[in-house]
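Participant: Supplied in structure tokens, the structure appears directly below.
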Amino acid sequence: MGSGRFPWRETAESVRLPARCGNCYDVDAREGPGLNHEPMADESNQSEDPHVPSPSLWPIGFAVGIAVLLVGLIVNPLWISTIGGAIAVVFGVLWAREATSELRGTPVTIEPERRELAEPGAGPAGPTGTVDGLAELEQGERFPRSKFLEGSTLGLGVVIGGIVTVPVAGFALLPPFLGQKQHKVDLGPVSELKEGQWYVATFTVDPEQGEVSRRTAFIRNNGALATGGAQVPSFTIISNRCAHLGCPVQANGPSGAILGLPTVKTKTLNGDVTFNPTVPAGFGCPCHGGQYDTEGNRTAGPPVRALDRYSFEINHGRLILLSTFSVSHVDGTGSQAKIHKYKPVGPGEHVDGPEQVFYPINPPHH
Amino acid sequence: MQAAVVYPLDWLEERSGLVGGVRYFLFRKVPADTNWMQTLGSATLTAFIVQVVTGVILAMYYQPTPEGAYSSIQRITNDVTLGWLVRGMHKWGASVFIILMFLHMGRVFLFGAYKYPRELNWIVGVLILLMGMMEGFTGYLLPWDQTAYWATVVGINLNGTAPIVGPWLAQFLRGGEEIGARTLTSFYSMHMLLIPGAIIGLITLHLYLVIRLGVTSPPWSKEAAGTGSLDGQPKDLRKGLTRPSARGAGGRD
């Protein structure tokens with residue numbers, strides 16, 4: 001049995017265990033020098049000559065190699081990444097050689113060779129030279145075994161850690177940037193859409209993902225546009241994603257049955273597609289009050305550019321939506337509109353003006 | 001009867017030193033004139049523990065898929081026995097945790113408890129605060145209703161407007177070009193595994209530094225200023241201030 005008095009309250013003294021056996025040792029040594037806070041004190045005093053590495057340029061090359069490797073992973077994994085990896089390895093080796101040059105010391109093996117040349121008469125001078133070198137090694141052991149083992153243990157740990165970490169980090173970081181598919185959205189026959197009428201169209205962009213990929217666009221059939229003798233169908237297709245922070249923009253005006261126009265419903269590969277007729281005076285965002293005219297130009301509020309648009313094609317009389325693009329502003333209206341088009345960027349990103357310098361490189365798109 | 005308690009503890013102590021360690025952690029000496037305000041840190045820790053426990057239970061019922069997320073939350077709230085209570089504790093506890101973190105930070109600031117040698121602990125605390133806010137952001141999406149969805153859209157796009165790295169950060173958070181199933185699962189994973197793990201590690205470091213450096217006296221402490229002593233208190237109690245740091249950082253205050 002243990003002692004009857006376990007010192008719960010006596011915080012000042014150390015806990016001493018009851019003397020049950022002769023060689024039980026004192027477990028708690030709080031009053032004494034418990035946690036040693038300066039275990040390295042004597043060691044640090046020893047080194048009068050601190051280990052200051054000379055400045056080196058190799059790390060810069062190494063960093064450049066890594067940067068090229070990472071960029072290559074996005075741009076061209078096969079070639080640019082390989083080149084970047086090669087640069088990193090070469091500079092890494094050079095860096096490691098320089099960093100360890102002090103440990104390796106002056107190359108001892110050179111001396112015996114020189115002596116061999118100086119005394120050609122001594123026959124095969126290998127043995128004497130080697131003995132000399134060994135003697136020098138024994139004098140002051142520059143690279144003791146314990147240090148080697150310590151270094152190799154740490155080094156192996158780093159290598160294993162790296163081997164495990166790199167693929168995992170790649171798996172965590174790369175998928176959002178690679179293999180993003182472009183989706184063609186089939187909206188059904190063009191003939192369903194009345195000329196000059198605005199519709200609020202909803203559709204699922206990616207049938208695999210289902211309802212979570214349902215998007216909305218404002219579509220107006222502008223009729224045929226005569227270009228170079230040919231009649232080309234013209235549509236205004238505006239994304240409802242606000243150019244401020246991506247909220248769903250609404251049509252400012254009545255829509256649906258009140259207009260006495262039927263809601264067009266079709267079923268395509270992209271799920272249930274609905275065209276709800278509307279008569280917008282413009283478009284407005286419920287989140288922070290951004291306002292746009294019917295061409296998507298910003299008229300008020302915080303948005304930084306006009307609403308994005310969908311590019312489209314007509315295939316066998318069906319309206320097919322392609323990818324979106326960003327728009328700074330639009331001159332003119334309908335089929336005569338002059339659209340200032342940019343590559344697709346996120347909400348809140350400036351595509352023109354001085355602020356565009358803040359967004360020099362965008363992630364790859366499709 | 002007493003032996004039945006003491007013997008196992010003795011047994012444990014002799015082999016591990018754990019009992020002494022716990023005693024060392026819990027029965028530290030503190031300045032005699034500590035203030036109720038100095039319990040805010042413990043309150044924050046308690047709020048975090050509540051979040052961890054209720055979160056683990058919620059994870060047993062929650063489904064992080066676009067089809068299942070909302071309906072599983074409805075099931076937790078309406079069907080599972082006491083599910084409404086656990087979900088409510090997690091939801092409201094989240095706000096309590098954030099509020100307590102700010103109150104605790106205010107106390108540390110106003111008491112000057114961030115000063116030497118405790119600057120590092122302030123920095124660790126700021127990291128915990130950031131992690132806590134990230135918990136709030138990632139957790140807000142999980143109910144997968146309209147509020148959650150659009151708040152996350154706006155939150156991610158806010159990140160997206162940061163210069164240079166913004167668009168990349170937004171695409172990483174979204175898990176692609178558009179919000180979808182991948183966004184939900186990655187937010188769920190961050191919310192219940194990655195960030196809590198980081199917070200637990202940081203709290204451990206935070207507490208280690210508190211124990212090592214000791215608790216500060218309030219700024220109005222006459223004792224700490226050396227202009228008087230509290231009547232009826234043995235002088236010895238002052239040692240609590242300096243002892244844990246006597247060998248390391250030095251008993252400055």
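Participant: Taking the options A:278, A:263, A:227, name whichever one is of a type in the set (S, T, N, Q) and over 22 Å from residue A:197 (Cβ atoms).
Facilitator: Testing whether each residue is of a type in the set (S, T, N, Q) and over 22 Å from residue A:197 (Cβ atoms) leaves just A:227.
Participant: Here is a follow-up. List every residue pair whose Cβ atoms lie under 7 Å apart, where the two residues are 6 or more positions apart in sequence or sit on different chains, the first residue falls within region A:278-301 and is within 26 Å of residue A:257 (Cβ to Cβ), and the second residue, located anywhere, is part of a loop (DSSP other than H, G, I, E, B) and of a type in the set (Val, Ile, Thr).
Facilitator: Note: pairs meeting the criteria are A:280/A:294; A:282/A:294; A:283/A:249; A:284/A:249; A:285/A:249; A:292/A:249.
Matching residues to (1) touching a helix residue (DSSP H, G or I) at 6+ places or on another chain (Cβ under 6 Å); (2) more than 30 Å from residue B:213 (Cα to Cα):
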residue	(1), (2)
B:80	no, yes
B:101	yes, no
B:114	yes, no
B:124	yes, no
B:149	no, yes
B:152	yes, yes
B:161	no, yes
B:166	yes, yes
B:174	yes, yes
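Participant: Which of the residues that make up region A:281-303 are within 14 Å of another protein chain (Cβ to nearest Cβ), of a type in the set (Gly, Ala, Ser) and surrounded by 18 or more Cβ atoms within 10 Å (Cβ to Cβ)?
Facilitator: The answer is A:290, and nothing else.
Participant: When you look at residue A:341, is it in contact with a strand residue (DSSP E or B) (Cβ under 6 Å, 6 or more places away or on another chain), in contact (Cβ under 8 Å) with a residue 12 or more places away in the chain and not aliphatic (A, V, I, L, M), yes or no?
Facilitator: Criteria met by residue A:341.
Participant: If residue B:11 satisfies every condition in (1) facing another protein chain (nearest Cβ under 8 Å); (2) surrounded by 13 or more Cβ atoms within 10 Å (Cβ to Cβ) but one, which is the exception?
Facilitator: It fails just one condition, (2).
Participant: Something else about it: Out of the residues in region B:133-165 that are within 7 Å of another protein chain (Cβ to nearest Cβ) and in a helix (DSSP H, G or I), state the one that is surrounded by the most Cβ atoms within 10 Å (Cβ to Cβ). Please lay out each step first, then the result.
Facilitator: Of the residues in region B:133-165, the ones within 7 Å of another protein chain (Cβ to nearest Cβ) are B:150, B:153-154, B:157-158, B:160-161, B:163-164.
From what's left, in a helix (DSSP H, G or I): B:150, B:153-154, B:157-158, B:160.
Values: B:150: 17, B:153: 22, B:154: 18, B:157: 23, B:158: 15, B:160: 25.
Result: B:160.
Participant: Determine which member of the set B:182, B:212, B:174 is within 26 Å of the chain's Cα centre (by Cα) and at pLDDT below 95. Outline the logic, then answer.
Facilitator: Numbers: B:182 fails: within 26 Å of the chain's Cα centre (by Cα); B:174 fails: within 26 Å of the chain's Cα centre (by Cα).
So the residue among B:182, B:212, B:174 that is within 26 Å of the chain's Cα centre (by Cα) and at pLDDT below 95 is B:212.
Participant: Output yes when any residue across region B:60-71 is more than 14 Å from chain A (Cβ to nearest Cβ), at pLDDT 95 or above and part of a helix (DSSP H, G or I), and no when none is.
Facilitator: No, every residue in region B:60-71 fails to be more than 14 Å from chain A (Cβ to nearest Cβ), at pLDDT 95 or above and part of a helix (DSSP H, G or I).
Participant: How many residues does region A:207-242 contain that are in contact with a strand residue (DSSP E or B) (Cβ under 9 Å, 6 or more places away or on another chain) and not in a strand (DSSP E or B)? Write out each step before concluding.
Facilitator: Our first condition is that a residue be in contact with a strand residue (DSSP E or B) (Cβ under 9 Å, 6 or more places away or on another chain); within region A:207-242, this holds for A:207, A:210-226, A:231-242.
Adding the requirement that they be not in a strand (DSSP E or B) leaves A:207, A:210-213, A:240, A:242.
Within region A:207-242, residues that are in contact with a strand residue (DSSP E or B) (Cβ under 9 Å, 6 or more places away or on another chain) and not in a strand (DSSP E or B) number 7.
Participant: Only one of A:170, A:162 is in contact (Cβ under 8 Å) with a residue 40 or more places away in the chain, under 27 Å from the mean Cα position of the chain (by Cα) and not in a loop (DSSP other than H, G, I, E, B). Can you tell me which?
Facilitator: Details: A:162 fails: in contact (Cβ under 8 Å) with a residue 40 or more places away in the chain.
After applying the criteria, what remains is A:170.
Participant: Specify which of the listed residues (B:44, B:77) is of a type outside the set (A, V, I, L, M), outside any loop (DSSP other than H, G, I, E, B) and closer than 16 Å to residue B:200 by Cβ.
Facilitator: B:44
Participant: Give me the residue from region A:202-230 that is among the β-branched types (Val, Ile, Thr) and more than 14 Å from chain B (Cβ to nearest Cβ) and, out of that set, nearest to residue A:246 (Cα to Cα).
Facilitator: The extreme case among them is A:202.
Participant: In this structure, does residue A:246 turn out to be outside any strand (DSSP E or B), modelled with pLDDT of 90 or more, surrounded by fewer than 20 Cβ atoms within 10 Å (Cβ to Cβ) and not polar (S, T, N, Q)?
Facilitator: No: the conditions fail for residue A:246.
Participant: Please specify each residue of region A:203-249 satisfying the condition of being farther than 28 Å from residue B:177 by Cα, touching a residue at least 40 places away in the same chain (Cβ under 8 Å) and among the polar types (S, T, N, Q).
Facilitator: Selection gives A:222 alone.
Participant: Here are the criteria: (1) under 21 Å from the mean Cα position of the chain (by Cα); (2) more than 14 Å from chain A (Cβ to nearest Cβ); (3) farther than 30 Å from residue B:227 by Cα. Tell me which single one residue B:22 does not satisfy.
Facilitator: It fails just one condition, (2).
Every residue, every condition in (1) surrounded by 14 or more Cβ atoms within 10 Å (Cβ to Cβ); (2) among the aliphatic types (A, V, I, L, M), yes or no:
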{"residue": "A:312", "(1), (2)": "yes, no"}
{"residue": "A:317", "(1), (2)": "no, no"}
{"residue": "A:331", "(1), (2)": "no, no"}
{"residue": "A:338", "(1), (2)": "no, no"}
{"residue": "A:346", "(1), (2)": "yes, no"}
{"residue": "A:351", "(1), (2)": "yes, yes"}
{"residue": "A:354", "(1), (2)": "no, no"}
{"residue": "A:362", "(1), (2)": "yes, no"}
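Participant: Just give me the residues in region B:81-93 being aliphatic (A, V, I, L, M) and either crowded, with 17+ Cβ neighbours inside 10 Å or over 28 Å from the mean Cα position of the chain (by Cα) (or both), in sequence order.
Facilitator: Matches in region B:81-93: B:86, B:89.
Participant: A follow-up question, please. Among the listed residues A:134, A:178, A:149, A:173, which satisfies the condition of being out of contact with any helix residue (DSSP H, G or I) (no Cβ under 9 Å at 6 or more places or on another chain) and either within 14 Å of another protein chain (Cβ to nearest Cβ) or modelled with pLDDT of 85 or more (or both)?
Facilitator: On inspection, the qualifying residue turns out to be A:149.
Participant: For region B:175-185, how many residues meet the condition of being more than 7 Å from chain A (Cβ to nearest Cβ) and touching a residue at least 12 places away in the same chain (Cβ under 8 Å)?
Facilitator: 4
The values are calculated or read from the model by the stated rules, or taken from the named source; none is laboratory data. Because the structure is a prediction, the values reported are computed rather than measured. Backbone-built Cβ (ideal geometry, glycine too); neighbour counts: all protein chains shown.
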